[in-house]
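To start, the structure under review is shown below, and the notes come after it.
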Amino acid sequence: MGILRTTIFTGLLGTTGAAAYLAAKNPVISPLDSSDGIWTSQIYKQRNPARNPATQDYSVKRIPFSKIRPELLEKDGDLTLEFCRGLWSGWGYAVQRKYLDFKWRGPETASQLWTTQQLATSNYDKGTYITDHFEVLEKTPDAITIRCGDSPRNQPLRGSDGLFIISTKIDKKREEVELKLKSCLYSSQGTVSGVKGPMPPWMEELHQWYVRIWSETASWKLLK
């Protein structure tokens, strides 16, 4: 993952202007607030029973209603689903998708989502496997919660684990949509001492830039 993030970081943030735009339009906050709902969720408690320390952050992007495809604002869940589709089928995930396709696509993973077309049209229901690295754990109109860190074929607690939440909010008062990507990455095996998550600082920074790229490119699918 470090090599992949470095490649994307170098290619897409090669100019000061690109980096400044991403930082301004897709701010990342870290760590998560102690009152964040993820900490008390059943999914988190089940997937990280020892409460091992996590690398944690979330990005927020706001877009005016006037720029959003109007049909996505009519029915609960449509905006979240399309944002999710845009993330996995979009340009920001292309390098990682191709790498995972080369490494893991085969007869034993044929039922998973692999092609751009599959990723752009899936309903991302609970149990969906994405490129042998992500699994949909929960889907609501406002959020799609995904397990990450290793192959979904490896179901027990594992050394590389985490939750990734794709969510949206329609803010009628401000006439904007809020798009949020939340990451909580940890080792779920055994007990890990200390308070630092599994990523060293340099990798954590690259991860935050990767999240910004995901947020930006996923949002393109929502625009008129």
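Restricting the first member to the stretch 211-222 and to residues that are touching a residue at least 24 places away in the same chain (Cβ under 8 Å) and assigned to a helix (DSSP H, G or I), and the second to residues that are open to solvent by 20 Å² or more (accessible area, probe 1.4 Å) and of a type in the set (Phe, Trp, Tyr), the beta-carbon pairs closer than 9 Å and six or more apart or on different chains are VAL211/TYR58; ILE213/PHE9; ILE213/TRP91; GLU216/TYR21; THR217/TRP91; TRP220/TRP91.
Being farther than 12 Å from LEU73 by Cα, touching a helix residue (DSSP H, G or I) at 6+ places or on another chain (Cβ under 7 Å) and not hydroxyl-bearing (Ser, Thr, Tyr) is the filter here, so list the residues in the stretch 166-181 that pass it. Within the stretch 166-181, ILE166, LEU179, LEU181 meet the criteria. With respect to TYR124, is the statement that it is under 13 Å from ILE144 (Cβ atoms) and either in contact with a strand residue (DSSP E or B) (Cβ under 7 Å, 6 or more places away or on another chain) or in a helix (DSSP H, G or I) (or both) true? So TYR124 passes the test. Among the residues of the stretch 152-177, those identified as of a type in the set (Val, Ile, Thr) and either under 21 Å from SER41 (Cα atoms) or open to solvent by less than 30 Å² (accessible area, probe 1.4 Å) (or both) are ILE165, ILE166, THR168, VAL177. Here is the figure for the stretch 118-148: residues that are closer than 24 Å to ALA94 by Cβ and acidic (Asp, Glu) total 3.
Among the residues of the stretch 16-40, those identified as assigned to a loop (DSSP other than H, G, I, E, B) and of a type outside the set (A, V, I, L, M) are ASN26, PRO27, SER30, PRO31, ASP33, SER34, SER35, ASP36. Determine, yes or no, whether ILE43 is aliphatic (A, V, I, L, M), outside any loop (DSSP other than H, G, I, E, B), at pLDDT 95 or above and closer than 24 Å to LEU157 by Cβ. Against the criterion (aliphatic (A, V, I, L, M), outside any loop (DSSP other than H, G, I, E, B), at pLDDT 95 or above and closer than 24 Å to LEU157 by Cβ), ILE43 qualifies.
The values are calculated or read from the model by the stated rules, or taken from the named source; none is laboratory data. These figures come from a predicted structure and were not determined experimentally. Note: ideal-geometry Cβ built from the backbone for every residue, glycine included; neighbour counts use all protein chains shown. All accessible areas refer to the heavy atoms of the entire protein, side chains included, with ligands and DNA or RNA removed. Shrake-Rupley method; radii C 1.70, N 1.55, O 1.52, S 1.80 Å.
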